[in-house]
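The values are calculated or read from the model by the stated rules, or taken from the named source; none is laboratory data. All values reported here derive from a predicted model rather than from experimental measurement. Note that we place each Cβ from the backbone using ideal geometry, even for glycine, and neighbour counts take in every protein chain shown.
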Amino acid sequence: MIYLYWYIGVGVIVLLIVYISHRLTVKIDEPDLHAILESINPDRDKWHYKLREIVLVPLFIAILGPLAWPIFIYWKAKEFFSKEISVETSVEEDQNLKVTRADLIDHHTVAEIESSERVTDPLGAVPALPFGHLNSAWNDFKSMAQATDEFWTFEAIWERRWRSKQKCRGYAILRGDEVIGYWMTDWENIEQPT
């Protein structure tokens with residue numbers, strides 16, 4: 001019987017940790033979010049929906065959480081390790097794209113690029129900067145260049161896993177005859193002949 005108390009006690013602690021970490025990382029009390037959710041699902045305003053969301057779901061979690069906590073830990077660990085693997089895989093795939101001197105199309109100044117890539121959002125959700133929300137990443141990319149380097153547009157074929165191909169476009173930094181880095185802006189899948 002003492003083991004059952006320990007098991008449930010650990011479950012309560014795990015449930016509290018998950019709840020606290022969720023409250024610290026997710027902003028739930030945003031009024032705009034509630035308005036958007038209510039416009040998508042008008043049933044959210046009805047009493048049976050509120051009963052389910054405010055009473056039944058927390059009650060179910062409060063009862064199930066302390067009993068099934070090893071499953072939650074397994075799911076969380078699996079999610080964590082799958083993200084780690086997918087990040088490693090994407091980095092590995094990114095390294096397969098090689099932009100060479102032959103892929104370069106036109107020479108541009110940084111001012112020309114930033115002028116053509118400035119985002120204009122009439123709703124104001126995206127900052128009016130070159131590449132919008134990705135502006136800080138663009139600035140990091142720009143900082144790789146030295147004074148004598150040139151910025152070029154490029155178009156290259158990216159042979160990905162499972163024999164799929166993509167046509168990628170973007171900007172590259174040319175140093176002498178070597179491309180030292182690229183900024184991908186667009187890609188499209190290329191249909192393979194069957």
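Counting only residues that are at pLDDT below 85 and assigned to a strand (DSSP E or B), which one in the stretch 145-178 is surrounded by the most Cβ atoms within 10 Å (Cβ to Cβ)?
W158
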State which residue is modelled with the lowest pLDDT when the search covers only the stretch 17-67 and only residues that are within 30 Å of Y7 (Cα to Cα) and among the hydroxyl-bearing types (S, T, Y). T25
Can we say G181 is surrounded by fewer than 16 Cβ atoms within 10 Å (Cβ to Cβ) and in a loop (DSSP other than H, G, I, E, B)? no
Only listed residue being within 23 Å of the chain's Cα centre (by Cα), free of Cβ contacts under 8 Å to residues at least 12 places away in the same chain, surrounded by fewer than 12 Cβ atoms within 10 Å (Cβ to Cβ) and more than 18 Å from R101 (Cα to Cα), chosen from L134, L123, L129: L123
Quick check on the stretch 95-120: of everything there that is under 24 Å from W158 (Cβ atoms) and of a type in the set (A, V, I, L, M), which residue is surrounded by the fewest Cβ atoms within 10 Å (Cβ to Cβ)? A102
